[in-house]
Amino acid sequence: MSGHTVMPAHAPARSLSRAARELGLKRSEFDLAVNLGRIRTVPDEGGGGRRVACAEIDRLLRSPGFPETLADSVQAVGTTEGAQIVGVPPARFTRLAKVGLVVPVKFYLNRYRAVVWLYLAEELRQFAHDGNNAFLLSGRTPDWIRGQLAAGQDLRPRNWRGRHLGFLLRQAEGPWQQAGALAAFLAPAQVAEIVTDPCERSHLNRFRPTPPAHGVPGSPAAHLVEKITTADDPDEIGWLRSDLARALEEARTHEPAPRPANIATPTPFPAKATPPEADPAVVTPAPTSGERVTTPDERRNSRGGLLGWLRRRVT
């Protein structure tokens, strides 16, 4: 289900905060429901962000099992509660998460600046009830998991980035929004290598979503969030760069980035030729008696210059 839809013009709608209250959800639960596509939003006609159509609220209010079904579908739990749902100790649950067998849906920093990962309770129940996962929940940890953990592997940040990128792309309204979602997970230097035009880069930054958790700019918390939200694996960086380049080409075709009237659209220029090095085999003859020695400026200003003189010598 799409995270947003197009409604008829002037359709009655509610603000996100009011819609959350009418549906009996906390704002964090409501935002997660929007990301997961459980609640569809529409653009605000006044340009003030997104809203929820009254028809969408009515649909949810009339859905079977409301409000328990909706609340259960967006319940996010931490490691301790997640381990209880799966039926394993917290340490074993953490190992399963680090190798990517369970994928976090959110994170936040606690008062000690420690990362707290959250998982969908609905997905954990499905994981625990799948008979194919029984060997992962009891007995000795498989050797392949032990090997990856010994190598220091922790896929939680990368898996969260992939999942959150899916949320952002689902809600993107056009090519520039899609490009902005991809750029949000690349370091600024990586983006600058792909988006070389300053006007395009400035326009793209308008559509870069802010991190879901952040601290005071320059603070240790902000640096930690930046580390989590920025791709660091070469493979991940590679496909993000490739997708960003494709999205940028589509965005240019769909709607070129605005630029001041006195700044023209950049065009590719041929590489500047490097002047050839002097050939040590070519030696300028010394002047004979009575021959006037010309200065370098005179040689440059004379017809043909040094190049013409060399051609005459060859002839």
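The values are calculated or read from the model by the stated rules, or taken from the named source; none is laboratory data. Since the structure is predicted, the reported quantities are computational estimates derived from the model, not experimental observations. A quick note on method: Cβ atoms are made from the backbone with ideal geometry, for glycine too, and the neighbour counts reach across all protein chains shown. Surface areas here come from the heavy atoms of the whole protein model, side chains and all, with no ligands, DNA or RNA. Shrake-Rupley method; radii C 1.70, N 1.55, O 1.52, S 1.80 Å.
From the list G100, G65, which one is modelled with pLDDT of 95 or more, part of a loop (DSSP other than H, G, I, E, B) and closer than 25 Å to H129 by Cα?
Working: G65 fails: modelled with pLDDT of 95 or more.
Only one candidate qualifies: G100.
Yes or no: A222 out of contact with any Lys or Arg (no Cβ under 9 Å at 6 or more places or on another chain), buried (at least 16 other Cβ atoms within 10 Å of the Cβ), at pLDDT below 95 and not hydroxyl-bearing (S, T, Y)?
Details: out of contact with any Lys or Arg (no Cβ under 9 Å at 6 or more places or on another chain): yes; buried (at least 16 other Cβ atoms within 10 Å of the Cβ): yes; at pLDDT below 95: yes; not hydroxyl-bearing (S, T, Y): yes.
Yes; evaluated as a whole, the condition is true for this residue.
Only one residue in L109, L155, L124, L168 is in contact with a helix residue (DSSP H, G or I) (Cβ under 6 Å, 6 or more places away or on another chain), within 20 Å of W239 (Cα to Cα) and surrounded by 17 or more Cβ atoms within 10 Å (Cβ to Cβ). Which one? It would help to see each step written out before you state the result.
Working: L109 fails: within 20 Å of W239 (Cα to Cα); L155 fails: in contact with a helix residue (DSSP H, G or I) (Cβ under 6 Å, 6 or more places away or on another chain); L124 fails: within 20 Å of W239 (Cα to Cα).
Answer to the check: L168.
With A192, A184 as the choices, which residue is surrounded by 15 or more Cβ atoms within 10 Å (Cβ to Cβ) and out of contact with any strand residue (DSSP E or B) (no Cβ under 6 Å at 6 or more places or on another chain)? Steps first, answer last, please.
Working: A192 fails: surrounded by 15 or more Cβ atoms within 10 Å (Cβ to Cβ).
Unique residue meeting the criteria: A184.
Assess whether V42 counts as being of a type in the set (A, V, I, L, M) and more than 30 Å from A11 (Cβ to Cβ). Break it down stepwise before answering.
Numbers: of a type in the set (A, V, I, L, M): yes; more than 30 Å from A11 (Cβ to Cβ): no.
Considered against the rule, which asks whether it is of a type in the set (A, V, I, L, M) and more than 30 Å from A11 (Cβ to Cβ), V42 comes out as no.
Inside the range 198-257, can you point out the residues that are of a type in the set (G, A, S) and touching a helix residue (DSSP H, G or I) at 6+ places or on another chain (Cβ under 6 Å)?
First, pick out the residues of the range 198-257 that are of a type in the set (G, A, S): 202, 213, 215, 218-219, 221-222, 231, 238, 242, 245, 247, 251, 257.
Passing the criteria: A213, G215, A231, A245, A247, A251, A257.
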### Query
If the Cβ limit is 9 Å and pairs must be 6+ apart or interchain, which residue in the range 183-206 that is among the hydroxyl-bearing types (S, T, Y) pairs with which residue that is open to solvent by 70 Å² or more (accessible area, probe 1.4 Å)?
T196/P266
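For the range 208-230, enumerate the residues that are over 18 Å from L168 (Cα atoms), part of a loop (DSSP other than H, G, I, E, B) and without any contact (Cβ under 8 Å) to a residue 24 or more places away in the chain. Reasoning before the result, please.
We begin by selecting, within the range 208-230, every residue over 18 Å from L168 (Cα atoms); these are 215-224, 227.
Retained after the next criterion (residues that are part of a loop (DSSP other than H, G, I, E, B)): 215-219.
Matches in the range 208-230: V216, P217, G218, S219.
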### Summary
Within the range 17-51, residues being in contact with an Asp or Glu (Cβ under 9 Å, 6 or more places away or on another chain) and either of a type in the set (V, I, T) or open to solvent by 40 Å² or more (accessible area, probe 1.4 Å) (or both) number 7
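Results for (1) of a type in the set (K, R); (2) at pLDDT 90 or above; (3) in contact with a Lys or Arg (Cβ under 6 Å, 6 or more places away or on another chain); (4) open to solvent by 80 Å² or more (accessible area, probe 1.4 Å), shown as yes or no for each residue.
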| residue | (1), (2), (3), (4) |
| --- | --- |
| T210 | no, no, no, yes |
| A213 | no, no, no, no |
| P234 | no, yes, no, yes |
| L240 | no, yes, no, no |
| H254 | no, yes, no, yes |
| I263 | no, no, no, no |
| K272 | yes, no, no, yes |
| R292 | yes, no, no, yes |
### Task
For the range 198-205, indicate whether the set of residues that are part of a loop (DSSP other than H, G, I, E, B), modelled with pLDDT under 95, of a type outside the set (S, T, Y) and surrounded by fewer than 20 Cβ atoms within 10 Å (Cβ to Cβ) is non-empty.
no
